[in-house]
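The values are calculated or read from the model by the stated rules, or taken from the named source; none is laboratory data. Just so it is clear, the model here is predicted, and its values are computed rather than measured. FYI the Cβ positions are ideal-geometry reconstructions off the backbone, even for glycines, and counts take in every protein chain you see. With ligands, DNA and RNA removed, areas are computed over all heavy atoms of the protein, side chains included. Shrake-Rupley method; radii C 1.70, N 1.55, O 1.52, S 1.80 Å.
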Amino acid sequence: MSDSASDVVIAGAGPYGLSTAAHLQNLGLGVRIIGQPMRFWAENMPAGMYLKSEPFASSLGAPHRGMRFTDRHPDWRLGQPIPLDTFVAYGRWFAAVAIPGTENTEVVNVERGGGAGYTVTLSTGETIAARTVVAAVGVGPFAHIPDELAGLPSWLVSHSSAHHELGLFAGKEVAVVGAGQSALETAVLLADAGARPHVIARRAELDWNTVPEARRSLWKLARGGPRSGLGTGYRTWLWAEQPGLVRHLPEATRDRLVRETLPPAGSWWLRDRLDDRIRVSTGRRIAKVVEEEDGLALTTVDRTGRRLVTEVEHVIAATGFVPDVARLTMISPELRARVTTRHGAPVLSRDFESSLQGLYFAGLAAAPTFGPVMRFVHGADFAARRIAHHIIRRTPRRRPSAGRHAAVLEPDVR
Ligand SMILES: Cc1cc2nc3c(=O)[nH]c(=O)nc-3n(C[C@H](O)[C@H](O)[C@H](O)COP(=O)(O)OP(=O)(O)OC[C@H]3O[C@@H](n4cnc5c(N)ncnc54)[C@H](O)[C@@H]3O)c2cc1C
């Protein structure tokens, strides 16, 4: 017997969970959204970070007008990077206005309940009987540490998402493995905090994004393609703005898209900050790691086979996130075993539903199905709309909620 009941339980209050909750509540469903709003952003991204995504591509999804990042900050220009704190505050404002009652706790177990639904257990011990569960747990559970670095103690090797405050590395030699924005920005922020960072990357050289142009001539527009939430270009526009079509591509093409769209590169505004305080070794892969008394000896090899041993006190793996249902321990082992997966990620319907009726996945876990936009905030509105409208078709309808926002916001008829 459960303590309470709800039409939907959403695990995770990041951009995807909050957007989905906003759409569902607007449709009049009883929704419990579990998690502190924007927790991953506030606690697992480095203090002092700026967003890579442009302001127009950094909005949560809402059924009403007035809730986009650029509505909240109308003067924010293209090419003006958003500080982490500003984005967290926007997400929390969105939660406060659009979703009454987020719950600052965690989902610790999801299992089959009586009938067709689920029993969701919270860290408070409360159990909820829910028809539907949306796993919007983001990237955190999928932090990827490469095999060469795996299994070492966390005081020697950690994932970039383990850190918010980098000041604890002041005075230390720290290797940062990776060549993407997260690696490069972590290295810069480490240097700012008084550490001695050393970027080690497999890529032959670092890549940098260019400054977005606010105004483009018709010729440039025709040649370069439209601007979209993932960047400029005809194909990029398709992946960013039409994720529903991506799902119809052959699996191998989608895999390639997720891997190769937006390859590791730093933002243009970060380039000058990656100065001579930061050592950079490109074209090197880690071949061997030996634990020493006060750190690690990293042996790296370049393309010609030349070896180099570097001694560091800590390694930060800025090596990304790989979706894998097996790592979602909040879902009971029995249920996880019944979710159809491909390369670890859930196989999803056009409405983000897994092979288990009533169990949905949003965010990174949906990227192998809907493409690279699911790795970014920009995909949240699409995911939220699809999920909400599918759930409402399956659930007996109640009176539409008179949410706190209803009086001040007009319906968004997009
Ligand atoms: C360093 C870094 C920089 C990034 N910069 C950008 C950027 O500039 N622009 C962009 O679009 N994307 C960026 N991303 C990607 C970004 O993480 C995703 O776009 C975004 O967070 C997706 O939203 P989400 O809701 O899926 O995930 P999240 O924001 O991770 O939210 C999921 C939430 O679920 C919570 N949660 C997990 N498990 C449970 C549980 N069992 N119970 C309850 N809650 C749970 C987590 O605490 C988390 O708060 C960046 C990622 C990193 C790591």
**Asked** How large is ³J(HN,Hα) for each residue in the range 114-126, as worked out from phi by the Karplus curve 6.51 cos²θ - 1.76 cosθ + 1.60 (θ = phi - 60°), to whole Hz, x for Gly and Pro?
**Response** x, x, 8, x, 10, 10, 10, 10, 9, 5, 6, x, 5
**Prompt:** Do any trypsin sites (Lys or Arg not before Pro) in the range 334-367 lie in a DSSP loop with no more than 13 other beta carbon atoms within 10 Å, and if so, which?
**Reply:** Arg350
**Message:** Amide H of Met38 versus every other amide H placed in the peptide plane: which residues, excluding those fewer than 5 positions away on the same chain, fall under 5 Å?
**Reply:** Ala13, Gly14
**Item:** Percent carbon-and-sulfur accessible area, the range 65-134, ignoring ligands, DNA and RNA, probe 1.4 Å
**Value:** 47
**Asked** In degrees, nearest 10, range 0 to 90: what is the angle between the Cα axis of helix 251-260 and the longest Cα principal axis of the chain?
**Response** 50
**Fill in**
Nearest 10, in degrees from 0 to 90: the angle of helix 181-192 to the longest Cα principal axis of the chain is 60
**Request:** Be a star and scan the range 26-66 for residues whose amide nitrogen sits under 13 Å from the point 7 Å along the Cα-to-Cβ vector of Thr124.
**Result:** 32-36
**Complete:** Note: the chain, point scatterers on Cα, Debye, no solvent; log10 I/I(0) at q = 0.12, 0.13, 0.14 Å⁻¹ equals -1.02, -1.18, -1.33
**Prompt:** Semi-axes, largest first, in whole Å: what does sqrt of 5 times each Cα gyration tensor eigenvalue give for the range 261-385?
**Reply:** 38, 21, 13
**Prompt:** Counting other Cβ atoms within 10 Å of each Cβ, which trypsin sites (Lys or Arg not before Pro) in the range 167-250 have at most 14 and sit in a DSSP loop?
**Reply:** Arg215
**Asked** Between Val301 and Ala116, 0.36 nm times their residue separation minus their Cα-Cα distance comes to what?
**Response** 61.2 nm
**Item:** Extension reserve of the Val309-Asp207 stretch, reckoned as 0.36 nm per residue once the Cα distance is removed
**Value:** 34.2 nm
**Request:** With a point put 7 Å past each Cα toward its Cβ, work out how far Arg393 is from Arg279 in nm, to one decimal.
**Result:** 5.8
**Complete:** Taking protein heavy atoms only, a 1.4 Å probe, and rounding to whole percent, the accessible area of the range 157-205 owed to carbon and sulfur comes out at 49
**Message:** Show me, for the range 297-313, the HN-Hα J-couplings you get by feeding each phi into the Karplus relation (A = 6.51, B = -1.76, C = 1.60, θ = phi - 60°), rounded to Hz, glycine and proline as x.
**Reply:** 9, 9, 9, 10, 10, 8, 5, 8, x, 6, 9, 9, 9, 10, 9, 9, 8
**Prompt:** Taking the alpha carbon gyration tensor of the range 82-237, what are the square roots of 5 times its eigenvalues, largest first, to the nearest whole Å?
**Reply:** 35, 28, 17
**Complete:** For Val174, the net charge from surrounding residues (Cβ-Cβ under 10 Å; K, R +1; D, E -1) works out to 0
